[in-house]
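> Okay, handing you the structure first.
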Amino acid sequence: MVPLVSIQGLSVAFNGVAVLRGVDLALGKGEALGLVGESGSGKSVTWLAALGLLPRHAKVTGSVRLHGRELLGAPAHELDQIRGGRIAMIFQDPASALNPVLTIRKQLSEALALHRDLQGEAVKAEAMRLLNLVGTPDAARRLSAYPHEFSGGQVQRIMIAMALAGNPDVLIADEPTTALDATIQAQILELLSSVRREMGMAMVLISHDLGVVAENCDRVAVMYAGRIVEQAPSNQLFADPVHPYAQGLIGALPPLDGPRRRLTAIPGTVPDPARMSDGCAYAPRCALAAEPCGLAAPTLAPIASDRTVACIRAEASRRALLGTAAE
Amino acid sequence: MSAPLVEVSSISRSYSMRSGMFGRAAAVHAVDGVSLGIRKGETLGLVGESGSGKSTTGRIVLGLEPPDLGDVRFDGQPMAAVGTKAWRAQRARMQMIFQDPLGALDRRLPVATQIREPLDIHGLGTPAEREDRVGELLRAVELTPAHGARYPGALSGGQRQRIVLARALATKPDFLVCDEPVSALDVSIQAQVVNLLADLQAQLGLTLLFISHDLRVVRQISNVVAVMYLGRIVEIGSADDLFAHPEHPYTRALVSASPAPGRRSAGRIVLTGDPPNPAARPQGCAFHPRCPRAIARCASEVPTLSSVGGDRQVACHLVTGAETRDAA
């Protein structure tokens, strides 16, 4: 089966500094994929590059295919059909993504006219339907309101409505709930999974929050310093992480119940992209690093039918984890 | 049981806010009748969503802002008037750490100079002693003197927060107010800073007021946790017990909304309605419009914080000691 989106060897460099160093990723129809990693790991850049949204001076290489059609280097009029039409994106800060001087109706209608070719009464009816779909109460009246008249959670709902306007096949949600309070975050995540089910849409959820990704995605890819280091079904990744970085991330998360333990912090900091070694980017922080780790960057290799890991010490790492579990 | 170092008795603070340019000024009750006690060497965690009044509470406790009503006592003494000599002496014993270390540091000064500043202001030690103390503080936060010569821009987020921590510790304070100290940091760095804070607390016998919206981090570092909603404490109790057995419907929703790896959202409590607006606080229990269990009484009568057994106190008409605490 041809995947809906297939990314191969995607690399991005800004002024000669590589920030994305060969990402391979496939997204199936209707699938929910989570991308986790710390700031600067390349989670957002992957999708901005795929959609041609990076500034001109960014050097993008590799391949991004949607339904088998190449997107990198595609002409602007073709990309205009895809962005917002086939692939929609929502961002962390919804307030700055809306125009403050236009009503919600105007902004929703723009998306509908562009991607659905709707006119007049049909636009209004569809805008109402979308606002109802995302759970905005009193949709008819709220259409003529301006963005500042809504709370943060409501603005994110409107952003989701706009993203859905083009009936996309894929929704890229980039930290959609990071700016929101806990109880509102729960509402938005529930909304996202219900619209995804109803519309049979695939979703990529980009987040630094392991919990958010674990609960809302079928499959998770962990990114570190511009590469994917582990990819697995989400329940397996969290029960049995193999890459030392994935283990470190999960160990660094304070538990909400059970006995309190000292957090297993990952020492050091994320490497500077301008001064990256040839070897594994995680090796300087890794407890299991051995001599060969510094020589060449490990490639993603399968360890099960649906799991891949980029670590030459994966076996040792797995044993170490099982050893601790047995204690 | 040791005596509380910090005692807050029913403090209230309101601001006046205008809605729009010509709107009528309305009082916003940021904090409304909050009482807390923090014992020496312990940590009180304060959790709540934006607008719950947790930061305002922190500022009042530190004396950065006067309360409209109520009072704060530090080590048995009332807070001295701002600007007096007694106030300065008291302020050297209490410090604050903010969320954004880059905003809290001066970008044009080497960080060692900034760590030294409180020593100069409070006139502690000779110049040579101050230099030594800066080195000692840098080591205490696991940095080197080489880091001290750098400017804030040349340090990572985690290192900057360590510098802020070193500066806060310069005057050997007894009490630290930490307002979202790790919220801006990545998970792996957050764990480093949380561990460091716990170590320093144990070494120096610090008392902490730890303000955060992150339940996990709060539980990790606190002995006692208080949950705030629209300016009031709705539940308070020991950190382990509170999150394991939340009683107040709001605490339950908060705990349930905290996603956990390895757990699919089964039976999640999703609150309906918008986040609370402090300028339009509902009558009765402020939580009742969003509460899944609200009854008629909740809309008219404000519940008071009362003991439900053990060290737990809850402000809810529907939670009483006999009803729910027998299992614990």
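> Between Rg and the Kirkwood Rh of chain B, both from Cα atoms, what is the Rg to Rh ratio? Intermediate results must be reported in sequence, preceding the final value.
Numbers: Rg = 21.0 Å, Rh = 21.2 Å.
Dividing the radius of gyration by the Kirkwood radius yields 0.99.
> Once the dipole of region B:107-168 is set up with Lys and Arg at +1 and Asp and Glu at -1 on Cβ about the Cα centre, which of B:Tyr151, B:His122, B:Gly135 lies farthest towards its positive end?
B:Tyr151
> Does region B:196-289 come out rounded, prolate or oblate, given a ≥ b ≥ c as the square roots of the eigenvalues of its C-alpha gyration tensor, rounded meaning a/c under 1.5 and, failing that, prolate meaning a/b above b/c? Working shown, then result.
Numbers: a/c = 2.40, a/b = 1.43, b/c = 1.67.
Taking the square roots of the gyration eigenvalues as a ≥ b ≥ c, region B:196-289 is oblate.
> When the helix-only estimate is applied to chain B (DSSP H runs of n ≥ 4, each -39,500 (n - 2.57), divided by the residue count), what is the mean residue ellipticity at 222 nm, nearest 500 deg cm²/dmol?
Mean residue ellipticity at 222 nm (helix-derived): -9000 deg cm²/dmol.
> Also, quick follow-up: Name the residue farthest towards the positive end of the dipole of chain B from the options B:Gly48, B:His29, B:Leu165, assuming +1 on Cβ of Lys and Arg, -1 on Cβ of Asp and Glu, about the Cα centre.
Sorting the options by dipole projection puts first B:His29.
> I need A:Ser234, B:Ser238, B:Ser12 ordered by Cβ neighbour count within 10 Å, fewest first. Each step should come with its number before you reach the end.
Details: A:Ser234 23, B:Ser238 15, B:Ser12 18.
Fewest-to-most ranking of A:Ser234, B:Ser238, B:Ser12: B:Ser238, B:Ser12, A:Ser234.
> Could you tally the net charge around B:Arg13, taking each other residue with its Cβ under 13 Å from the Cβ of B:Arg13, Lys/Arg +1 and Asp/Glu -1?
-1
> Once you have the Cα-Cα distance between A:Ala296 and A:Lys106, take 0.36 nm times their residue separation minus that, and quote the gain in nm to one decimal.
Working it through step by step, the gained length comes to 63.1 nm.
> Just how far, in whole angstrom, is region A:304-321 from region A:24-103 if you go by their alpha carbon centroids?
The two parts, judged by their Cα centres, are 30 Å apart.
> Give me the angle, in degrees from 0 to 90, between the Cα long axis of helix A:314-326 and the longest principal axis of the Cα atoms of chain A, rounded to the nearest 10.
On a 0 to 90 degree scale, this one is about 90.
> Using +1 on the beta carbon of Lys and Arg, -1 on that of Asp and Glu, and nothing else charged, what's the dipole of chain B about the Cα centre, debye to 20?
About 540 debye.
> Label points 7 Å out from Cα along the Cβ direction at B:Asp106 and B:Arg73: separation in nm?
3.8
> May I pose another question? So how much slack lies between B:Gln203 and B:Thr84, counting 0.36 nm per residue of separation and subtracting their Cα-Cα distance, in nm?
Fully extending the segment from B:Gln203 to B:Thr84 adds 39.7 nm.
> Among A:Ala32, A:Ala301, A:Ala202, which one shows the highest mean-square fluctuation when chain A is modelled as a Gaussian network with alpha-carbon springs under 10 Å?
Result for chain A, Cα springs under 10 Å: A:Ala301 fluctuates most.
> I've got another one for you. Restricting to the protein assembly as shown, what percent of DSSP beta bridges are antiparallel, rounded to 5?
That works out to approximately 60 percent antiparallel.
> Measure nothing fancy, just the Cα-based angle from helix A:152-164's long axis to the longest principal axis of chain A, in degrees from 0 to 90, nearest 10.
In chain A, helix A:152-164 runs at an angle near 80 degrees to the longest axis.
> So, one more: Let a ≥ b ≥ c be the square roots of the eigenvalues of the Cα gyration tensor of the protein assembly as shown; is it rounded (a/c under 1.5), or, if not, prolate (a/b larger than b/c) or oblate?
oblate
> Right, another one. Please report the antiparallel percentage of DSSP beta bridges with both residues in chain A, rounded to the nearest 5.
Here the share of antiparallel DSSP bridges comes out near 60 percent.
> Please report, in debye to the nearest 20, how large the charge dipole of region B:51-117 is about its Cα centre when each Lys and Arg carries +1 at its beta carbon and each Asp and Glu carries -1 there.
Roughly 240 debye for region B:51-117.
> Based on alpha-carbon centroids, what's the gap between region B:86-156 and region A:191-223 in Å, whole number please?
43
> Across every pair of different alpha-carbon atoms, what Kirkwood hydrodynamic radius in Å does region B:107-195 reach? Can you show the working numbers first?
Working: mean 1/r = 0.0746 Å⁻¹.
About 13.4 Å for region B:107-195.
> Bins of 10 Å, beginning at zero and ending with the bin holding the largest distance: percent of Cα pairs per bin for region A:198-327, please.
11, 41, 35, 11, 2, 0
> Where the only charges are on Cβ atoms (+1 Lys, Arg; -1 Asp, Glu), what is the dipole of the protein assembly as shown about its Cα centre, to the nearest 20 debye?
580
> Still on this structure, please answer the following. Lys and Arg at +1, Asp and Glu at -1: add these up for the other residues within a Cβ distance under 12 Å of A:Pro273 and post the number. It would help to have the intermediate numbers written out before the result.
Details: positive: A:Arg21, A:Arg227, A:Arg275; negative: A:Asp272.
Result for the local shell: +2.
> Tell me whether region A:34-185 comes out rounded, prolate or oblate; compute the Cα gyration tensor, take square roots of the eigenvalues as a ≥ b ≥ c, and use a/c under 1.5 as the rounded threshold.
The shape class here is oblate.
> Oh, and also: Using just the helices of chain A, give the 222 nm mean residue ellipticity in deg cm²/dmol: DSSP H runs with n ≥ 4 each add -39,500 (n - 2.57), and the total is spread over all residues, rounded to 500.
Values: 12 runs with 115 residues, N = 327.
Result for chain A, helices only: -10000 deg cm²/dmol.
> Helix A:120-133 versus the longest principal axis of chain A: what is the Cα-based angle in degrees, 0 to 90, to the nearest 10?
Once rounded, one gets 40 degrees.
A short reminder: the numbers here are calculations on the coordinates, not readings from a lab. Being a predicted model, the structure only gives us computed values, none of them experimental. Note: ideal-geometry Cβ built from the backbone for every residue, glycine included; neighbour counts use all protein chains shown.
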